[in-house]
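Contents: one structure, followed by commentary.
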Amino acid sequence: MQYDRTDARILEIVQKNNRLTSEVIGEMAGLSATACQRRLKRLRSDGIIEADVSIVSAKAVGRPIQMLVMVSLERERADIIDRFKKAIKASGEVVNGFYVTGDADFVLYITARTMEHYEQFTRRFFYENPDIKGFKTMVVMDRVKAGFAIPIEAPPED
């Protein structure tokens, strides 16, 4: 997966606004619309651009309760980790999930309609799973920043 300075500029642009047309992105990056489309297609097929998403307000869609949850597994075995990763991917409540090092095995970002809804979720998702040793919930009081933009460093010129 390699990219050049022009690709880096395109990545900066689409991270800020993924609704721009190829014509506009190309103009901003100094390319034709067709050349820009080709580069975007390659960046996607190479996995450099993982997804085209919009950030939705959890509060605006009736899910105002947001939590960060640290999850510890009973044992660190490949089959247990893989099963839990599958469960994370299958859960609508889990917005983001990370397999991490440190005090927990996973950190999850979860939304809920109410605390009662979250309690029901914990019973179903954590307590009924024999592979879970424990979990700690931190309730989000204020989302200070939301985004997925990664700082893009252009490769050095040859």
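Derivation of every value follows stated rules applied to the coordinates shown; laboratory data play no part. Fair warning: this is a prediction, and the values are worked out from it, not measured in the lab. Quick reminder, even Gly has a Cβ in these numbers, built from the backbone with ideal geometry, and neighbours come from all protein chains shown.
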Degrees, to the nearest 10: 33-45 long Cα axis against longest axis of the chain: 30
For Lys86, net neighbour charge (Lys/Arg +1, Asp/Glu -1) across residues whose Cβ lies under 14 Å away: 0
Unsatisfied cross-links (Cα-Cα over 21 Å) in the set Lys59/Lys86; Lys85/Lys133; Lys85/Lys136: Lys59/Lys86
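Rounded to the nearest 500 deg cm²/dmol, what is the calculated helix-only ellipticity per residue at 222 nm for the chain, with -39500 (n - 2.57) per DSSP H run of length n ≥ 4?
On the way: 5 runs with 54 residues, N = 158.
After summing the helix terms and dividing by the residues of the chain, the value is -10500 deg cm²/dmol.
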Cβ-based net charge around Arg77, under 12 Å, with every Lys or Arg adding one and every Asp or Glu removing one: -4
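Charges only on Cβ, +1 for Lys and Arg, -1 for Asp and Glu: so what's the dipole of the chain about the Cα centre, in debye to the nearest 20? Show your work: numbers first, answer last.
Values: 24 positive and 23 negative charges, 103 e Å.
Value, rounded to 20: 500 debye.
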For Tyr3, Tyr99, order by how many other beta-carbon atoms lie within 10 Å, fewest first: Tyr99, Tyr3
Alpha-carbon radius of gyration plus Dmax, which is the widest Cα pair, for the range 5-45 in Å: 8.7, 22
The range 1-78 - Debye-derived log10 I(q)/I(0), Cα point model, q = 0.14, 0.24 Å⁻¹: -0.63, -1.06
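For Ile10, what is the net charge nearby, where nearby means another residue's Cβ is under 12 Å from its Cβ and Lys, Arg count +1, Asp, Glu -1?
Values: positive: Arg5, Arg9, Lys16, Arg38, Arg39, Lys41, Arg42, Arg44; negative: Asp4, Asp7, Glu12, Glu27.
Within the 12 Å Cβ shell, the charges total +4.
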Protection proxy ranking, peptides 59-69, 133-143, average beta carbon neighbours within 10 Å, highest first: 59-69, 133-143
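What trypsin sites (Lys or Arg not before Pro) in the range 61-115 are in a loop by DSSP, with at most 16 other Cβ atoms within 10 Å of the Cβ?
Counting only loop positions with at most 16 other Cβ atoms within 10 Å, the trypsin sites (Lys or Arg not before Pro) in the range 61-115 are Arg75, Arg77, Arg113.
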Approximate spin-label separation Lys89-Asn18, in nm, with each point projected 7 Å along Cα-to-Cβ: 1.8
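With viscosity set to 1.002 mPa s and temperature to 20 °C, compute the Stokes-Einstein D of the chain, Rh being the Kirkwood radius across alpha carbon pairs; µm²/s, no decimals. Intermediate results must be reported in sequence, preceding the final value.
On the way: Rh = 18.4 Å.
Estimated via Stokes-Einstein, D reaches 117 µm²/s.
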DSSP-assigned coil residues among GluC sites (Glu not before Pro) in the range 1-75, each with at most 14 further Cβ atoms within 10 Å: Glu50, Glu74
